[in-house]
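Every number in this text was worked out from the coordinates using simple rules, so none of it is lab data. Values in this document were obtained by computation on a predicted structure and should not be read as measured data. Cβ coordinates were reconstructed from backbone atoms using ideal geometry, including for glycine residues, and neighbour counts include every protein chain displayed.
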């Protein structure tokens, strides 16, 4: 039995259904229910035998891991979204008509991300990433305020250019494969591309990779192509910020890593590692320094996402079983932690009626559960033990030192810079004299607790089977 | 005899697209930009139709039709109406002077040729040269987006960048999914036009000058 048609089918069917649901309460429930159903069937991938690659789908452990992660976070974000949206309706920032659109788009976005992860065709993957970009542009502009439209326009223009460059790279990959594989669909299919990669023309593949790295790198928010990311995160609805940060950036990185594997399989092409490391390190440094002067809480954590994408890119750029393992672990834990943080921020900024750091001050005094969850999440994201991100960062740094000491030092400096920036801001947000609430706090903290529990478990004790599974994926990534 | 004709005609259509790209660059009036862009889209449609005929790949006619109808006619007409209806400044606001951008454009063409020709030695001559022209068109599209600050010219720059991609895709023999990709791009373009028109970006931004969008770098207090 193959679970994939169900994994892609649920979001698509739900999107169509939600387009006709005008009551926003029912819409929110259907949205969360469909996401839960998608998550449940995605778990089947772990249990069932991995299906053979078909024309449409290519499933291996690498994307099973990302599909399960994506559908899980998409589910908790939909759950959080139900409470968040109800509050936005009450305050009149959104109307029920907007919501019908929002819920349908949410499912289209899930569909597009899952399709991009599982497609066996680099053309289809490209189209799925484009679809995901379009849906998120629409969602970022949902509030129709001037800043949100500006953010959406900026995201749109930069995202489109990235998408266009990625397509040029895709055409070049096809051309590089043509000599070995001849014309036809085969030369766009992942499974046959990997088999034939040693016979590709290396020079053409190099040029293709540069275009793909810039194209998909824009979508992953790597410096210097990150300009859209903070605005898009800050101005959209918070559940979408969580999904953008936790999931869509991962999808873009997934594409880059896959193409990197293609280059690695071809012995004569350039080593993609240094390119990835350079982009990753610059993201880490630029974003780390930007953390110091943020006044808007969502922009603060958007920059933190750029920083972590940089760390993951460095890890995959280093390559090798240990660094890849660290990269995979970091990817999963960053998604879980960052989305949990956005959930708490969403509730806090709704209660205080603002996203400005100064006016959110004293959260632990006024809302202990919420405040301490945010403290725990921020501690985790800045890499403090006992949370999982400490493990993955420690693994990355310690595996880098023996191979490239200078790089290890740079990595450490970058991580400490970001740590300092976040701690400084956290102090202002969580402690001090509490500001007055403008509105009562509503919404459930259960998704936050679930995420925090998972990252705590990952930091204290990673189960053996999970470790060996991650190790086997890390081997494949080369 | 026919082989060289196919070769020459492909070259000619490619060169027409590139030439129209330069024509977009030196326009000083917004409506002139739209006209020059429409010419480029028509040239792309001709190039795609010629490839469809010479490669005996009838599906490429669909790409040609999309290029002609959407980018050659619908998009310029829609943008023309937006310019007139919303009463946007009719002159092109340049970040860099016209002469300098033309020189930069020539430089980019040289760059594209120097980049593409050495890495494609083993490909067919036609493919290599089409690819070099296509990359030039893509880079000039970038140049338009970077040096022209108005949102309308940015959209034109993006569409002309996309023309280069279509040229590359139809020039590579046997490339599958070309039609699907051009449909996906049409969706993107339709979306942009829709965005400009219905969100009334002008009312929200006061002007379509993208510098005012750039102002949103810092945070609001």
For segment B:150-188 and segment B:102-137, write down the distance between their C-alpha centroids in whole Å.
17 Å
Sort B:88, B:82 so that the residue with the fewest other Cβ atoms within 10 Å of its own Cβ comes first and the one with the most comes last.
B:88, B:82
Mind sorting A:194, A:10, B:194, A:62 by how few other Cβ atoms lie within 10 Å of their own Cβ, fewest first?
B:194, A:194, A:62, A:10
Specify the angular offset, from 0 to 90 degrees and rounded to the nearest 10, of the alpha carbon long axis of helix A:297-318 from the longest principal axis of the alpha carbons in chain A.
20 degrees
Cβ-based exposure ranking for A:124, A:467, in which fewest neighbours within 10 Å come first
A:467, A:124
Angstrom value of the Kirkwood radius, inverse mean 1/r, which spans all Cα pairs in the protein assembly as shown
25.8 Å
With only alpha-carbon pairs counted, each pair once and no self-pairs, how large is the Kirkwood hydrodynamic radius of segment A:92-131 in angstroms?
11.2 Å
Determine the principal axes of the Cα atoms in segment A:72-115, then give the extent along each, sorted from largest to smallest and rounded to whole angstroms.
35, 19, 10
Rounded, prolate or oblate (a/c below 1.5 giving rounded, otherwise prolate when a/b exceeds b/c) for segment A:81-180 by Cα gyration tensor
oblate
From the C-alpha gyration tensor of segment B:2-215, square roots of 5λ in Å
30, 20, 13
So for chain A, averaging the separation of alpha carbon pairs under 8 Å that are six or more residues apart and normalising by length, what relative contact order in percent results?
14 percent
Between 0 and 90°, nearest 10: helix B:125-147 axis offset from chain B longest Cα axis:
10 degrees
Once the Cα atoms of helix A:405-430 and of chain A are each reduced to a long axis, what angle between those two axes, in degrees from 0 to 90 to the nearest 10, is obtained?
20 degrees
Please list, short to long, the whole-number percent of alpha-carbon pairs of segment A:327-442 in consecutive 5 angstrom bins beginning at zero.
2, 12, 19, 21, 15, 11, 9, 6, 3, 1, 0
Using Cα-Cα distances under 8 Å and only pairs 6 or more residues apart, what relative contact order does segment A:271-478 have, in percent?
31 percent
Averaged over residues of A:148-155, the number of beta carbons from other chains lying within 10 Å of each residue's Cβ is 5
Could you tell me the center-to-center distance, by alpha carbons, between segment A:235-257 and segment A:402-431 in angstrom?
22 Å
